[in-house]
Amino acid sequence: MFTQVKSTIRHIAPDDLRGRKLIKVVYVVLESQYQSALSQAVREINANHPSVAIEISGYLIEELRNSENYEELKRDIASANIFIASLIFIEDLAQKVVAAVEPHRDNLDVSVVFPSMPEVMRLNKMGSFSLAQLGQSKSVIANFMKKRKEKSGAGFQDGMLKLLRTLPQVLKFLPMEKAQDARNFMLSFQYWLGGSAENLENFLLMLADKYVLKGVEKESFVAAEYQAPVVYPDMGIWHPLAPNMFEDVREYLNWYAVRRDISRNLKDPLAPCVGLVLQRTHLVTGDDAHYVAIVQELESLGAKVLPVFAGGLDFSKPIEAYFYEPTTKLQLVDAVVSLTGFALVGGPARQDHPKAIEALKRLNRPYMVALPLVFQTTEEWLDSDLGLHPIQVALQIAIPELDGAIEPIILSGKDGATGKAIALQDRVEIVAQRALKWATLRRKPKLIKKVAITVFSFPPDKGNVGTAAYLDVFGSIHEVMKGLRNNGYDVQDIPETPQELLEQVIHDAQAQYNSPELNIAYKMSVPEYEALTPYSQRLEENWGPPPGNLNSDGQNLLIYGKQFGNVFIGVQPTFGYEGDPMRLLFSRSASPHHGFAAYYTYLERIWGADAVLHFGTHGSLEFMPGKQMGMSGDCYPDQLIGSIPNLYYYAANNPSEATIAKRRSYAETISYLTPPAENAGLYKGLKELSELIASYQTLKDTGRGVSIVNSIMDKCRIVNLDKDIHIPETDSKDMSS
């Protein structure tokens, strides 16, 4: 379940000290994007610096669940000069970090902890500067941070960014020595946020100069050998082909309009535009291969791209700043894909969902969250039946869902050796295709939009076509069709009543072959099916060659349903495992049958649906075999739904299975209320029996008690209770109490 990568892959030591001072550094971080830049910085120092050399050991926080890695961390800390940590917000692992570092804190020359849980932040030690009293302190810095946080509602990292900009206001209240060390702490944060190999090299050299080197060693070290931080914008717009980062959306759009490497279609004001939300750390550390890939893929499909980033953890700020036209305040984007993997506001630590929801409601665009693998290598994820790591599911799927995020698709893997992101091309393509479909859906004229409504048999495999839990399916669809027609959609020949609609789909006179009660909308030949369904050969292991016996006439695959203009009402095929539907969930070799695959191939590739509406609770698409979470290209829900936007009308009383539909079949769920329930009470003879028993309770001590008991026993026989319990034939006057 947890990553088996060993931390030793991040250990770097100089080949030759050449008489230089050896400084030992240990770092623990949440994500791996700093690994490559830090490694490059250390190699540069070891190759070229005349006075110092670095031995560095690095750990990703999730690796500390492995006992060998944790013991190795404790050994490294015991002999370290410098300890660095960042974004340690997983409570049980934060406690392990504290337990490993705290006993050696006084022996460390310097300990620098960037935004993390308070107990980890208290490990900070930089000369006279300390955060040991964080959460309890009445110091000027603590009070300043608290006030800033109360005013802005931002998280700790955003508070520190504000502190960077207003540092002079704070330092004047501190003694000279503490002021210098506090300045060095904030300078360290600037280096860290800069993230490039050059910034991190200068960061390590600054720490060596100020806190590690002593006496003669310090005298031989020239402070001018390291530079001030190269500062990047706190937030802005980035493009891999742009000459620089932009802080004004008009400047970016002007640059985009004069590009010579793109077609005129991309410069068309009516071209769909997809907004991307990025982490600045990936940009400044150069770990941006997955960002480059998604930008290129979207542009190749015909979408303009507006990629924005933020240095803190409040990603609503660049959305507010750059996704609106500055003058008209109209939205510039048609869909948004967040590639941060975090909640929109607050990251993994402290989320501000109301602020996120307010920003997203105002923007009013589909909000997808694509994920980088964080706690697994690409190989570990691909080989896992479970799929995505449970911690990542909590941090980067469940929490963003509270903001309104949809479609949690893996975008990039991780190189086990370098820690760098690896663009997973098939995943990049599906994210781009689905984002573009959502963007196009908003711009496409209603008159030519095509909507596929899919109905089920509920309960599954019971033959109840067009039913769902707690829902009048065809009555509801009838209302939806009228609503679409009144809203400008091309919906033709709507039957007068829901019953007539049902009969046209299920009891058409032309229906024949294996399902005489269903209307046949399309006959798909085997060559057409195989050409349009790339994974069809995988299904032959379970179902033989197509067309098979299900949804087939022996020569063709049959698509059941009926078209009403640009609305198609289709019947989702059965599981295929009659009598054993759970086999789909628990058998690794199970698969959908050819008829099931053909249905979704028809919707996307032949009929050309712009969106599919799965109608009611529930179908079987989301339960098809594949990973539990974090679908790969080999998982059947991913292959079946393809690039079609998936709307799912789901009962409000079943959030657990609705969540499965959201995460495995990329459904956007719309809840419907279940019918109200009331106490039915007793009826007929049982009600009379109840009244007799109540009478007995009141009159048992009177002369009527015996006759009432006889009446109770007679009534029990009338309502057949004597079939369940023994009713004596004796007169009650002869019975003892």
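No lab work stands behind these numbers, since they all come straight from the coordinates. Just so it is clear, the structure is predicted and the values come from calculations on it, not from any experiment. Neighbour counts run over all protein chains shown; Cβ positions are idealised from the backbone, glycine included.
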**OP:** May I ask you to evaluate 6.51 cos²θ - 1.76 cosθ + 1.60, the Karplus curve with θ = phi - 60°, for each residue of segment 486-498 and list the ³J(HN,Hα) values in order in whole Hz, giving x for glycine and proline?
**Re:** 5, 9, x, 7, 7, 10, 10, 6, 5, x, 5, 10, x
Original post:
How far is helix 655-664 tilted off the main Cα axis of the chain, in degrees rounded to 10, range 0 to 90?
Top reply: 60
Subject >> Over the chain, equivalent-ellipsoid semi-axes from the Cα gyration tensor in Å >> reply: 59, 37, 25
Subject >> Alpha carbon centroid spacing (whole Å) that separates segment 535-554 from segment 346-408 >> reply: 36
**OP:** Report the FRET efficiency, 1/(1 + (r/R0)^6), for LEU682 and GLU479, where r is their Cβ-Cβ distance and R0 is 30 Å, rounded to 0.05.
**Re:** 0.25
**OP:** Express the Stokes-Einstein translational diffusion coefficient of segment 1-115 in µm² s⁻¹, to the nearest whole number, given a Kirkwood radius over alpha-carbon pairs, 4 °C and a viscosity of 1.567 mPa s.
**Re:** 89
**OP:** Which order do the peptides 99-106, 308-315 take when ranked by the mean count of other beta-carbon atoms within 10 Å per residue, highest first?
**Re:** 308-315, 99-106
Original post:
Based on the inverse mean of 1/r over its pairs of different Cα atoms, what is the Kirkwood hydrodynamic radius of segment 235-443, in Å?
Top reply: 17.2
**OP:** Could you tell me the number of lysine pairs in segment 684-734 with C-alpha atoms less than 16 Å from each other, where the two lysines are 8 or more residues apart or belong to different chains?
**Re:** 4
Subject >> Cubic angstrom per residue, convex hull over Cα atoms of segment 446-672 >> reply: 114
Subject >> Zero-based 5 Å bins, Cα pair distances in segment 419-460, whole percents >> reply: 5, 15, 13, 14, 13, 13, 13, 6, 4, 1
**OP:** Of the options GLN433, HIS282, GLY312, report the single residue whose Cα projects farthest towards the positive end of the charge dipole of the chain (beta-carbon charges: Lys, Arg +1; Asp, Glu -1).
**Re:** GLY312
Original post:
Is there a pair in LYS450/LYS482; LYS437/LYS662; LYS304/LYS329; LYS267/LYS449 whose C-alpha atoms are over 21 Å apart, and which pairs would that be?
Top reply: LYS267/LYS449
**OP:** Could you tell me how many degrees, from 0 to 90 and to the nearest 10, lie between the Cα long axis of helix 91-101 and the main elongation axis, the longest principal axis, of the Cα atoms of the chain?
**Re:** 20
**OP:** Taking every Cα atom in segment 684-734, find the radius of gyration and the maximum pairwise distance Dmax, and write them in Å.
**Re:** 10.8, 31
Original post:
Any idea what the relative contact order of the chain is, in percent, if you count C-alpha pairs under 8 Å spaced at least 6 apart?
Top reply: 9
Subject >> Kirkwood Rh, Cα atoms: Rg over Rh of segment 654-697 >> reply: 1.50
**OP:** Just the Kirkwood number for segment 371-501, please: inverse of mean 1/r across all distinct Cα pairs, in Å, one decimal.
**Re:** 18.8
**OP:** For every other residue with a beta carbon closer than 10 angstrom to the beta carbon of ALA421, add +1 if it is Lys or Arg and -1 if Asp or Glu, then tell me the sum.
**Re:** -2
